[in-house]
2 protein chains.
Amino acid sequence: MASNSCGGGSDRQMAAQHRLSVIAGHLQRPSGSNTAILAAECKAQGSKPFVSSERRTVPRRRQEIMKWNGWGYSDSKFVYNKKGQAEFTGKRYKLSGMIIPGLKDWMENTFGATLQHKTTATPALNSTSVPPPALNEAFMEELKSTGVPFSADAEDRVFRAHGHCLHEIFALREGKIGRVPDMVVWPNCHNDVVKIVELACKHNVCLIPYGGGTSVSSALECPPEESRSIVSLDTSQMNRILWIDEKNLTAHVEAGIIGQDLENLLNESGYCTGHEPDSMEFSSLGGWVATRASGMKKNIYGNIEDLVIHIKMVTPQGVIEKSCQGPRMSTGPDIHHFIMGSEGTLGVITEVTMKIRPVPEYQKYGSVVFPNFEQGVACLREVARQRCAPASIRLMDNEQFKFGHALKPQVSSIFTSFLDGLKKFYITKFKGFDPNRLCVATLLFEGDREKVLQHEKQVYDIAAKFGGLAAGEDNGQRGYMLTFVIAYLRDLGMDYFVIGESFETSVPWDRVLDICRNVKARIVRECKDKGVQFPPLSTCRVTQTYDAGACVYFYFAFNYRGLGDPVHVYEQVEHAAREEILANGGSLSHHHGVGKLRKEWMRETVSSVGIGMLQSVKDYVDPNNIFGSRNLL
Amino acid sequence: MASNSCGGGSDRQMAAQHRLSVIAGHLQRPSGSNTAILAAECKAQGSKPFVSSERRTVPRRRQEIMKWNGWGYSDSKFVYNKKGQAEFTGKRYKLSGMIIPGLKDWMENTFGATLQHKTTATPALNSTSVPPPALNEAFMEELKSTGVPFSADAEDRVFRAHGHCLHEIFALREGKIGRVPDMVVWPNCHNDVVKIVELACKHNVCLIPYGGGTSVSSALECPPEESRSIVSLDTSQMNRILWIDEKNLTAHVEAGIIGQDLENLLNESGYCTGHEPDSMEFSSLGGWVATRASGMKKNIYGNIEDLVIHIKMVTPQGVIEKSCQGPRMSTGPDIHHFIMGSEGTLGVITEVTMKIRPVPEYQKYGSVVFPNFEQGVACLREVARQRCAPASIRLMDNEQFKFGHALKPQVSSIFTSFLDGLKKFYITKFKGFDPNRLCVATLLFEGDREKVLQHEKQVYDIAAKFGGLAAGEDNGQRGYMLTFVIAYLRDLGMDYFVIGESFETSVPWDRVLDICRNVKARIVRECKDKGVQFPPLSTCRVTQTYDAGACVYFYFAFNYRGLGDPVHVYEQVEHAAREEILANGGSLSHHHGVGKLRKEWMRETVSSVGIGMLQSVKDYVDPNNIFGSRNLL
């Protein structure tokens, strides 16, 4: 490491040496022995140097297993088979290989989308449509001598040119390629990142860190005006658990690790982080830290800011990190909070110490049906007030309940129509519930078996006060299982002229009902105004509860047949929806972040002085805008 | 408000107006009615505009009820009466008016401090020893027209020239007055603060915000090199609860409110914040936010960063605040964390929205005796691992156990000597425990009665696994009661040649025992080296537990008879103790903060890049160093 960019490093070494000599004063050593203290001797007993498993989700050439123009694994997708039935292909998911009998009718009824009206996506990337890379020769020369793997291959570059906003995927399906990175590099460790950042600063190359590539805020889009060479810094090969500390229940992990790998590896030792964002199959630790991620089971494990103990980030000014792994400090403003939420604009997060917990003894799903959404929200609010929320509790509105039904796989040989199945469900279980008003909450409890059963009783008792009826574990479990396949559904939609997106907010309790009603209504109105031919799907779900409010998640999709510029219509409606959210007291984002998509509202969100503070940090840390994604500000 | 310093204000008004018009679109209004929407109509139902009680702890002229050269209320102090017994004067505390029979012997045995050797503190401030105020005439002229109360009275200025570090109080007792503020101002509300900050910027006056005055980091000391007029901005009269929102369980409060007033006022409505720092009788909400305060019952209510929903701060660049009261957001780096920990260097915090909770139904104290400190720490670690910590759990070492005994008030007519009482305690209860090794944990449970009793059983069962024996509610309750009188004890010590201080750290679990042993031993060694005649009191307590570590609190005091420069000796020993803490993996501070006292370690604590970030924020927000306390950086 050249000393000019890592001055902090040698300060830190001197401080560490000084500390070792202070502690050495206490150790009784037999005369004649070597008095030098090795760092390893100071390591906490109970630390396990972790041998990383070979198996990792994300290979360097991601396109070998993942779609280049859609969500997730190439082998997994929704299709209509020859009989006109919806199927989910592949072998990776519980739903894989199954027929979903209700989906076709649901799509037809909800969107007016029929099998006759099919779009064609560009099946494979046409390399000639990709601009040749604008390589910075001096940078490349020095990079070669570092030994860090790199590529200027068109497929590698295009793969990392986007996240998963609708407009990004739509453009790829049309074969439209905008500004893409000129090169991809794959650092293997923190020191590789230090070298790359140093070289980028030296040769004025634009760096865009790339973790899981799951951004839905246009954060990964390459700014079209960027004239310097853009290098995508892919962290996926920097993915080891460096150590597990069983005494302190922490793990020190390289930031390129993907969520599912992190949990699987920790599980091997009987631990977990419990951080399970819906994107966890593909998203990375560094990405979570950079975007202030939230996980499904945050009620037990906390959000990312509750999980991290120590962060290391490489910036143009050098490495930033605290010297201590204490659980909570008062040492001025918390610099971790300058890093969390910086969305790739300040540097590359390389290593993180996270809290871990023993894998819970017992897990139990559940579900509750409420007569209407208002009662459901009131129940969730009371559960939050009593501070007895399960690991996860989510309340979907009536449309999502119906949607969930449509996704039920066929498990018997008798073909049941969507409506028949629904009717049957009502008659046998929920006499008196209005099928067009009822909604469902899905629950997940985990922990010691005895405590879980007690907890479960407490929650169901509260639900009963709001007219809620227990609807069984299966419905709960299925709700959570669907979480990971929902994202694949958009690709199916786009095959049949349906486009859509999810977006989210956090809002105080007393605004939850208003925001749900007003935003959904606004979406419907705007679609009508903009000439959308069929009424849109406009639906919401309360996905997280807090003391002072909740997270609300919206799905919005419509059939764009007959529209000249469907993406433009979509963007206008989404924009209006966000205006409506803000007007109703909701936040700009609960966990997706700002990226470029929501920059325009940053000033009113944090005030001019807040913008000034963020800008001043950026100007200091990265005066030449090496980390030039142009997110946030 | 002049627009140049509060540009954000009119942006915010425009944004709010826009939002009201968006929401207005949904309201059905009978024709002919006024379509203007009043802000009040948009207020959440269930908000109670709060009528502030007249009674507040802190009057403008604090010296009317508080000591000018010691801790707390003037009417409350430890003294030795004519019979040579220790008494606690006044009527405010449970201990008030009581004899403490064991204290004299304990002081004699611990410090070699006898009644014969008494110091004399300067009884009253000699105004002639106070430099005349260096008033900025132009500032004063404009200030007068604002109507904000002010004073250049020597007593008012001296009162606000210090916190409660040893060297500050020692100097006052010797009648030594250093640099003091030139004026004191008492804003009544946020708008007053805006005016004051504006004028200070215009006339280049140094502002030092003053909340409770309880800083123990030299944060309130006026920099001697400061040549501009220094104005102490006393927030104590800006102390109302502006509203309580029962739907969202939040309260919007002016930042000058003192802890005990906040809780008492909220209690009147059946609520509390539950934030109970040991300083809560005198410390302020603004001070807590500025220093990242921690409260005794953080296990239930959280630390300050968990309690705040919204913060408003007035800076030279204008007002900084978020636009939303959502419970948790991803909108870039969290600007609240630029404010929390800024220790008065960026502006004045004026209003805070905090979470509130219903006052718990039931409270129960408890205590556990352990055979030794190691077992006690192991128990606390296990309680943390199981995530079943009570509202409060604290483990004191053997010396503090003995100290606690010495503070037992006389409740019967039979005079029991300190040692007799101790022996009696052992023989009747804890046969087999070594009196020189045993230690005590004090516990506080609160919540629903049924849950509390269940919880209590769980914790005592864990304690039993580590050789712990329940020692009754009384011992627990007394331990917590003593919390608020301990600070008065230092003044008694200083009357008899004993000086001392507390300091704290946070540390990972696997370092707790090492840090306790090594720091206490280091203190003893350093005192010996520096010529302290009698062995010092060097004792510690684990006061908070977290998933990944604990907060450890040290008391250190010694008899300084025979030393030429006792404060200098004290400072050298404290410095060495902090070096020892850092060398053993402890943090620079868990909750006291950095101030000026611990600035020298900031670079190694947050790294050079971290310092650069903090400096860049300071340079942007306050380029002329109006908030010139020189804390942190």
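I'd like the residue in the stretch B:603-613 that is facing another protein chain (nearest Cβ under 7 Å) and either touching a strand residue (DSSP E or B) at 6+ places or on another chain (Cβ under 7 Å) or of a type in the set (A, V, I, L, M) (or both) and, out of all such residues, is surrounded by the fewest Cβ atoms within 10 Å (Cβ to Cβ).
B:608
For the stretch B:457-491, which positions are modelled with pLDDT of 95 or more, closer than 19 Å to residue B:439 by Cα and in a helix (DSSP H, G or I)?
B:459, B:460, B:461, B:462, B:463, B:464, B:465
Residue pairs, Cβ under 7 Å, 6 or more apart or interchain, first in the stretch B:511-526 and closer than 26 Å to residue A:250 by Cβ and surrounded by fewer than 22 Cβ atoms within 10 Å (Cβ to Cβ), second among the charged types (D, E, K, R) and at pLDDT 95 or above. List them.
Pairs that qualify, where the first residue is closer than 26 Å to residue A:250 by Cβ and surrounded by fewer than 22 Cβ atoms within 10 Å (Cβ to Cβ) and the partner is among the charged types (D, E, K, R) and at pLDDT 95 or above, are B:513/B:374; B:518/B:580.
Yes or no, residue by residue, for (1) free of Cβ contacts under 8 Å to residues at least 12 places away in the same chain; (2) under 30 Å from residue B:383 (Cβ atoms):
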{"position": "B:531", "(1), (2)": "no, no"}
{"position": "B:541", "(1), (2)": "no, yes"}
{"position": "B:581", "(1), (2)": "no, yes"}
{"position": "B:610", "(1), (2)": "yes, no"}
{"position": "B:627", "(1), (2)": "no, no"}
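Would you mind finding the one in B:246, B:254 that is under 22 Å from residue B:309 (Cα atoms) and touching a Gly at 6+ places or on another chain (Cβ under 8 Å)?
When all the criteria are applied, what remains is B:246.
Scan the stretch A:194-218 and report the pairs whose first residue is closer than 17 Å to residue A:312 by Cβ and whose second residue is surrounded by fewer than 24 Cβ atoms within 10 Å (Cβ to Cβ) and modelled with pLDDT under 95, with Cβ atoms within less than 6 Å and a gap of 6+ or a chain change.
The qualifying pairs are A:194/A:1; A:198/A:2; A:198/A:5.
Given (1) in contact with a helix residue (DSSP H, G or I) (Cβ under 9 Å, 6 or more places away or on another chain); (2) assigned to a helix (DSSP H, G or I); (3) in contact (Cβ under 8 Å) with a residue 60 or more places away in the chain, where does residue B:573 come up short, assuming only one miss?
So residue B:573 meets the others, but not (3).
Quickly run through the stretch B:493-513 and pick out the residues that are of a type in the set (A, V, I, L, M) and under 21 Å from the mean Cα position of the chain (by Cα).
Result: B:499, B:507.
Just name the residue that is farthest from the other protein chains (Cβ to nearest Cβ) out of those in the stretch B:521-551 that are part of a strand (DSSP E or B) and more than 17 Å from residue A:309 (Cβ to Cβ).
B:537
Would you confirm whether any residue within the stretch A:46-60 is more than 23 Å from residue A:263 (Cβ to Cβ) and either assigned to a loop (DSSP other than H, G, I, E, B) or modelled with pLDDT of 50 or more (or both)?
No, that holds for no residue.
Going through the stretch A:180-195 one residue at a time, which ones are part of a helix (DSSP H, G or I) and buried (at least 24 other Cβ atoms within 10 Å of the Cβ)?
A:193
Condition first: part of a loop (DSSP other than H, G, I, E, B), surrounded by fewer than 24 Cβ atoms within 10 Å (Cβ to Cβ), facing chain A (nearest Cβ under 8 Å) and touching a residue at least 12 places away in the same chain (Cβ under 8 Å). Now tell me which residues in the stretch B:326-360 satisfy that.
Selection gives nothing.
Among the residues of the stretch A:584-614, how many are in a helix (DSSP H, G or I) and closer than 20 Å to residue B:311 by Cα?
Adding up the residues that qualify gives 14.
Checking residue A:226 against (1) of a type outside the set (Phe, Trp, Tyr); (2) assigned to a loop (DSSP other than H, G, I, E, B); (3) in the same structural domain as residue A:346 (by the TED database); (4) over 21 Å from residue B:385 (Cα atoms), which test does it fail?
(3)
With the structure loaded, tell me whether residue B:132 is within 30 Å of residue B:86 (Cβ to Cβ), without any contact (Cβ under 8 Å) to a residue 12 or more places away in the chain and either within 29 Å of the chain's Cα centre (by Cα) or not assigned by the TED database to the domain that holds residue B:503 (or both) or whether it fails that test.
no
Please state which one of A:241, A:230, A:177 is modelled with pLDDT of 95 or more and closer than 24 Å to residue A:565 by Cα.
Values: A:241 fails: closer than 24 Å to residue A:565 by Cα; A:230 fails: closer than 24 Å to residue A:565 by Cα.
Just a single option satisfies the conditions, and that option is A:177.
Are any residues in the stretch B:578-597 closer than 13 Å to residue B:291 by Cα and more than 7 Å from chain A (Cβ to nearest Cβ), and if so, which ones?
If the condition is that a residue be closer than 13 Å to residue B:291 by Cα and more than 7 Å from chain A (Cβ to nearest Cβ), then B:595, B:596 are the ones that fit.
Here is a check on your reading of the model: is residue A:393 more than 14 Å from every other protein chain (Cβ to nearest Cβ) and under 22 Å from the mean Cα position of the chain (by Cα)?
Yes; evaluated as a whole, the condition is true for this residue.
Being at pLDDT 95 or above and crowded, with 19+ Cβ neighbours inside 10 Å narrows it down to one residue among A:401, A:418, A:445; which is it?
A:445
The values are calculated or read from the model by the stated rules, or taken from the named source; none is laboratory data. Everything quoted here is computed from the prediction, not taken from an experiment. Positions of Cβ are generated from backbone atoms using ideal geometry, with glycine treated the same way; all protein chains shown enter the neighbour counts.
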